[in-house]
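First the structure, in the form of structure tokens, and then the observations on it.
The values are calculated or read from the model by the stated rules, or taken from the named source; none is laboratory data. Quick caveat: nothing in here was measured; it's all calculated off a predicted structure. Using ideal geometry, Cβ is built from the backbone for each residue, glycine included, and neighbour counts are taken over all protein chains shown. Heads up: the accessible areas ignore ligands, DNA and RNA and are worked out on the full protein's heavy atoms, side chains in. Shrake-Rupley method; radii C 1.70, N 1.55, O 1.52, S 1.80 Å.
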Amino acid sequence: MRVVIAEDLFLLRDGLTRMLQAHGLQIAAAVDNGADLLAAVTADQPDVAIVDVRLPPTFTDEGIRAALAARREVPGLPVLVLSQYVEQLYARELMASGSGGIGYLLKDRVFDSGQFVDAVRRVAAGGTAMDPEVIARLLARNTGDGTLTALSPREREVLALMAEGRSNAGIAAALVVSAGVVEKHVASIFGKLGLPASETDNRRVLAVLRYLGS
């Protein structure tokens with residue numbers, strides 16, 4: 001798996017590089033600004049990009065803007081965002097930017113290298129890896145277009161855990177229910193969100209994006 005990293009702090013960038021390499025991932029490029037990120041993505045066609053939201057020169061939204069530009073240049077590019085805070089607007093923009101794996105993790109909550117690498121692999125495979133606090137903030141600002149009202153409270157719990165990237169077995173363990181019960185909830189969620197079976201689309205990702213981005 002080939003990874004591009006965009007992080008302005010040298011120690012963190014170097015630490016991410018070493019950690020990912022230790023788990024067998026290849027670092028195609030490790031850069032400190034948005035322009036170099038875009039250049040690396042278009043040149044190297046990585047399997048996933050790990051991007052800090054705030055990059056030079058203004059340290060506001062350069063990282064996320066570069067990630068959005070990269071997804072326009074490379075449609076479906078999996079992107080895992082790292083941020084110090086929950087940037088709701090930018091999270092929504094990223095989720096509305098098209099298909100492909102999406103992740104949004106808070107730096108202070110990334111404590112375990114194995115879990116982080118698992119999140120990277122999951123996003124690269126087209127899945128999601130959303131921090132629970134990001135999910136809560138996005139849902140609190142939901143515009144109320146009817147998407148949420150169609151789901152039962154339990155289905156919302158299942159979908160929130162799905163957004164974190166958990167499998168059906170992981171959701172079952174978290175909710176202390178059987179895998180069969182989770183499967184029924186997932187099928188109901190797909191039905192209520194109007195997501196028929198498809199050979200080309202990942203319904204789990206589409207359900208999460210519709211749920212959080214509505």
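How big is the Cα convex hull of region 56-175 in projection, averaged over all directions, in nm²?
Over all viewing directions, region 56-175 projects a mean Cα-hull area of 8.3 nm².
Please report the relative contact order for region 1-138, taking Cα pairs under 8 Å with a sequence separation of at least 6, and give it as a percent rounded to a whole number.
20
Can you classify region 16-118 as rounded, prolate or oblate using the Cα gyration tensor, where a ≥ b ≥ c are the square roots of its eigenvalues, rounded means a/c under 1.5, and otherwise it's prolate if a/b beats b/c and oblate if not?
rounded
For the chain, what is the mean residue ellipticity at 222 nm derived from helices alone (per DSSP H run of n ≥ 4: -39500 (n - 2.57); sum divided by total residues; nearest 500 deg cm²/dmol)?
About -15500 deg cm²/dmol.
Could you state the accessible area per residue of the chain in Å², with a 1.4 Å probe and every protein chain left in place?
Accessible area per residue: 46 Å².
How large, in percent, is the carbon and sulfur part of the accessible surface of the chain at a probe radius of 1.4 Å?
Exposed carbon and sulfur together represent 53 percent of the surface.
For the chain, I need the span (max minus min coordinate) of the C-alpha atoms along each principal axis, in Å, sorted largest to smallest.
Extents along the principal axes, in whole Å: 45, 34, 33.
Can you list the GluC sites (Glu not before Pro) in region 156-214 that are in a DSSP coil and have 16 or fewer other beta carbons within 10 angstrom?
Counting only loop positions with at most 16 other Cβ atoms within 10 Å, the GluC sites (Glu not before Pro) in region 156-214 are GLU199.
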